[in-house]
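What follows is calculated from the coordinates using simple rules that are stated; it is not laboratory data. Everything numeric here is computed off the predicted structure, so don't read it as measured data. Glycine also receives a Cβ, built like all others from the backbone with ideal geometry; neighbour counts cover every protein chain displayed.
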Amino acid sequence: MGLNDDWRARSLKAVWHPCTQMKLHAPQGGAQPLIPVARASGVWLHDHEGRRYLDGISSWWVNLFGHNHPAIREALVDQLHTLDHVMLAGFTHAPVVELSERLSALTGLGHAFYGSDGASATEIALKMSAHHWRNAGRLGKCRFVGIAGGYHGETVGALAVTDIALFREAYAPLVRLAATAPSPDARQAEPGESAADVAERAAAALDAYLAEHANETAAVIAEPLVQCASGMAMHDPIYLRRLRELCDRHQVHLVLDEIAVGFGRTGTLFAHQCPGADIRPDFLCLSKGLTGGTLPLSAVLTTDAVYEAFYDDDVARGFLHSHSYTGNPLACRAALATLDLIEQTDAVSRNIATAQRLAAQLAPLTQHDRVRHARRQGMIFAWDIASSLPDFSRRFARHALAEGLLLRPIGHTLYTMPPYVIDEEEGDHLARGALRALQATLAEEGTGGAAHTRGGVDGV
Ligand SMILES: *Cc1c(COP(=O)(O)O)cnc(C)c1O
């Protein structure tokens, strides 16, 4: 056994891996190999035996400037020598203050509340919204509206607004389900309809729902521009403008979940700041790229109006939610270094050029005759693949690994969301490898079986 096999075997004995049917990793007959990673640098993940994989999905969408970035590493080492951690109840420290000030300056929203993961940011935003209405004497306003195909994390509260059956079904009895409004997904355009028409149609349905249910609704929660987890569904920015108008008109909060799309991924620093929308939510959830992919940290930003509804002599009117590691100094310091990199490298404008170059490199894939709905939003590229293979995702991922590529299609949606630092040669490796992996996967199709492009979310 080589070192890779060694770590694989030990991991399968000791670790319960996320988002995984463990039997698929079975040493004999398992369809999905477990990949031990020894170290990572830039866009590359290296195993123990000299093989390397280009991280085409930024390690679940968290990485922005490549792995092991020296600037983030140095900031973390410095912080480790200064202050590792202190509880944030009753105490404060420079990294959390500076990070909160900077996030506020970038979003126009203040009083950052911290959690450790995306799902905890969702929980915080939902609890804060409902508690705000309670403090305002509107006790009935305690339900939520999510968007079809939405994903906001997998704790029990977040599952209530996550519309992905595979993730939710087993826990249905535990979940207090939110209402679901139609998705503005541009792929739903009828002949002659534009993406903006689909968005208007979805907004009209939400309007009708809120007209009847605003009294019991605390907030609408949505992912601006791209619903990533359900297969990179993209929509027209007019939907965001309509969301803002509807939430104002019906007096419900607008929670925007930018956990996946924040920090320059979609073309502007935050997706809701895009041309054609340029709105401000009542709550903004951030995580993933916040620390450049180094440490878990999430933040919920909100308005002064919400903050003031909690400010009182009565302790119980305060927001008493907490996590042990709330505002961890190391994670905040990594986030500050990440914000520095975004500024110093002019990441948002550079991404526009990088994405254009990548789009040209990926053109042969986009033009493949099995591709449907080729689409892009900033540094997120997606293609639905018409294939009869029910396990297209796993088969493709395996061929991609053989090409030295980490790509995990979501159902029949192939996508890439690479680190911002991907250079021309690496872009070629990504584009050629993805095309070859697609050809190899399609070559495995048997005869018969209708081609389909939606296959659930297998493979996230
Ligand atoms: C990943 C994700 C979450 C959940 O974040 P975790 O850190 O995995 O809990 C929530 N919302 C969106 C849009 C995400 O992409």
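A few points about this structure:
- Global geometry of segment 166-290, whether rounded, prolate or oblate, following the gyration tensor of its Cα atoms and the 1.5 cut on a/c: rounded
- Figure legend: label point modelled 7 angstrom from the Cα of Gln356 along Cα→Cβ; residues of segment 367-396 with amide N under 17 Å from it are 376-380.
- Each residue, Leu177 and Asp423, gets one label point 7 Å from its Cα in the Cβ direction; the gap between the two is 5.2 nm.
- Unit charges at the beta carbon, dipole of the chain: most positive-side option, Leu103, His131, Ala309: His131
- With θ taken as phi - 60° and the Karplus curve 6.51 cos²θ - 1.76 cosθ + 1.60 applied, the whole-hertz 3J(HN,Hα) list for segment 180-194 is 10, 8, x, 7, x, 2, 4, 5, 7, 4, 6, x, x, 8, 9 Hz, x standing for glycine and proline.
- Its Cα centre serving as origin, the chain has a Cβ charge dipole (Lys and Arg +1, Asp and Glu -1) of approximately 880 debye.
- Backbone N atoms of segment 218-236 closer than 18 Å to the 7 Å Cα→Cβ label point of Arg372 belong to residues 230-235.
- Percent of beta bridges antiparallel (DSSP, segment 70-344, rounded to nearest 5): 45
- Counted charge near Cys285, where neighbours are those whose Cβ lies closer than 11 Å (Asp, Glu -1; Lys, Arg +1): -4
- Net charge over other residues, Cβ less than 12 angstrom from the Cβ of Ala130 (K, R count +1; D, E count -1): +4
- Neighbour cut-off at most 14 other Cβ (10 Å), DSSP loop, chymotrypsin sites (Phe, Trp or Tyr not before Pro), segment 300-384: Tyr311
- Estimated dipole of segment 70-344 in Debye, rounded to 20 [Cβ of Lys and Arg +1, of Asp and Glu -1, Cα centre]: 320
- The stretch between Leu12 and Thr92, if pulled fully straight at 0.36 nm per residue, gains 24.7 nm over its current Cα-Cα span.
- Residue among Thr92, Met22, Phe65 farthest towards the positive dipole end of segment 13-93, charges placed on Cβ: Met22
- Rounded if a/c under 1.5, otherwise prolate or oblate - segment 11-157, Cα gyration tensor axes: oblate
- Classified by the C-alpha gyration tensor, segment 369-412 has an oblate form. Its axis ratio a/c, with a ≥ b ≥ c, is 1.5 or above, and a/b does not exceed b/c.
- Unit charges on C-beta of K, R, D, E only; dipole of segment 269-343, Debye: 420
- Helical contribution to [θ] at 222 nm, DSSP H n ≥ 4, -39,500 (n - 2.57), averaged over the chain, rounded to 500: -11500 deg cm²/dmol
- Among beta bridges that DSSP assigns inside the chain, antiparallel share in %, nearest 5: 65
- Cleavage-rule hits, chymotrypsin sites (Phe, Trp or Tyr not before Pro), segment 40-102, DSSP coil, Cβ neighbours within 10 Å at most 11: Phe91
- Selected from Phe113, His323, Ile342, residue furthest toward positive end of dipole (segment 70-344; charges at beta carbon): His323
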